[in-house]
1. Is it fair to say TYR68 is assigned to a strand (DSSP E or B) and touching a residue at least 12 places away in the same chain (Cβ under 8 Å)?
2. Out of all the residues in the stretch 103-115, which are over 21 Å from the mean Cα position of the chain (by Cα) and in contact (Cβ under 8 Å) with a residue 60 or more places away in the chain?
3. Restricting attention to the stretch 148-159, report how many residues are modelled with pLDDT under 90 and either part of a helix (DSSP H, G or I) or crowded, with 21+ Cβ neighbours inside 10 Å (or both).
4. TYR108 is checked against (1) touching a helix residue (DSSP H, G or I) at 6+ places or on another chain (Cβ under 7 Å); (2) surrounded by 13 or more Cβ atoms within 10 Å (Cβ to Cβ); (3) not aliphatic (A, V, I, L, M) and fails just one. What number does that condition carry?
5. Considering only the stretch 79-99, state which residues are surrounded by fewer than 19 Cβ atoms within 10 Å (Cβ to Cβ) and assigned to a helix (DSSP H, G or I).
6. Checking GLY186 against (1) farther than 23 Å from LEU23 by Cβ; (2) in a helix (DSSP H, G or I), only one condition comes out false. Which one?
7. Could you please find all residues in the stretch 87-108 being in contact with a strand residue (DSSP E or B) (Cβ under 9 Å, 6 or more places away or on another chain) and hydroxyl-bearing (Ser, Thr, Tyr)?
Amino acid sequence: MDNFQEQVKKCVITLADVFEPYLCPLPESKSGMYAIDTLYYVKKGAVLVFNSGSSFSPLIGPDFIGTYFILGQTAMRLNLEFKLLSGAEVYTIDIAQAKSLVSKYNLYESISYLIANRLYEFCNITEIYINPDSSAYKKVKICINLFYEHKDILGDSISLSTFIIECTGISKSRVMFILSELRKGGYITIENGKLLSVAKLPNEF
């Protein structure tokens, strides 16, 4: 899996380099939500993906959203949207232009890697996120590990607690209680609001 993730990172870099001259700043949204109806590039930070108004999965940059449109997909049964989390920097690219560039430079393999990775992430994360039997702790646990894995990207733009609350919808008091207990147990180390270390987290809380 590590080799696959490394390949995904290389594909993101390759596509970003090719698309860079054609990227446009994300327009303002009064609602704060953006429909996933074209190709987006999350250059920095993270966004939170929603399905029919419910939190679906976080997506941490650098990465792309909407890559399936490049392969000819024009509509989805899912009603997907996203909102920016603190510190996120996102751009759009015209889908016709993106298709032309992918064809010109034969980047279909890179697109396929990104789509495969997105499916894996959505299935892996949302299995717990949207499962009514999942406890608050299991959702918090996923967010802690995800945040720590990407702490160099997220650490200066959004706090761990805010990230968890935004991604899960769990109350602030509950999140802070769980984090406090994990700190007491020596599972996580937080200083000045920054997550410094994470030990193997317990399966249950």
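1. Here the answer is no, as TYR68 does not meet what is asked.
2. Here is the first cut: in the stretch 103-115, the ones over 21 Å from the mean Cα position of the chain (by Cα) are 103-109.
Once the filter is applied, which keeps residues that are over 21 Å from the mean Cα position of the chain (by Cα) and in contact (Cβ under 8 Å) with a residue 60 or more places away in the chain, the stretch 103-115 yields TYR105, LEU107, GLU109.
3. First, the residues of the stretch 148-159 that are modelled with pLDDT under 90: 149-159.
Filter once more, so that each one left must be either part of a helix (DSSP H, G or I) or crowded, with 21+ Cβ neighbours inside 10 Å (or both): 149, 151-154.
Number satisfying all stated conditions: 5.
4. The failed condition is (2).
5. Hits for the stretch 79-99 are ILE95, ALA96, GLN97, LYS99.
6. Failed condition: (2).
7. TYR91, THR92
Per-residue answers, yes or no, for (1) within 18 Å of ILE153 (Cβ to Cβ); (2) in contact with a strand residue (DSSP E or B) (Cβ under 8 Å, 6 or more places away or on another chain); (3) surrounded by fewer than 19 Cβ atoms within 10 Å (Cβ to Cβ):
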| position | (1), (2), (3) |
| --- | --- |
| LEU39 | no, yes, no |
| PRO58 | yes, yes, no |
| ASP63 | yes, yes, no |
| TYR68 | no, no, yes |
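The values are calculated or read from the model by the stated rules, or taken from the named source; none is laboratory data. Remember, predicted model here, so these are calculated numbers, not experimental data. Cβ: placed from backbone, ideal geometry, glycine included. Neighbour counts: every protein chain shown.
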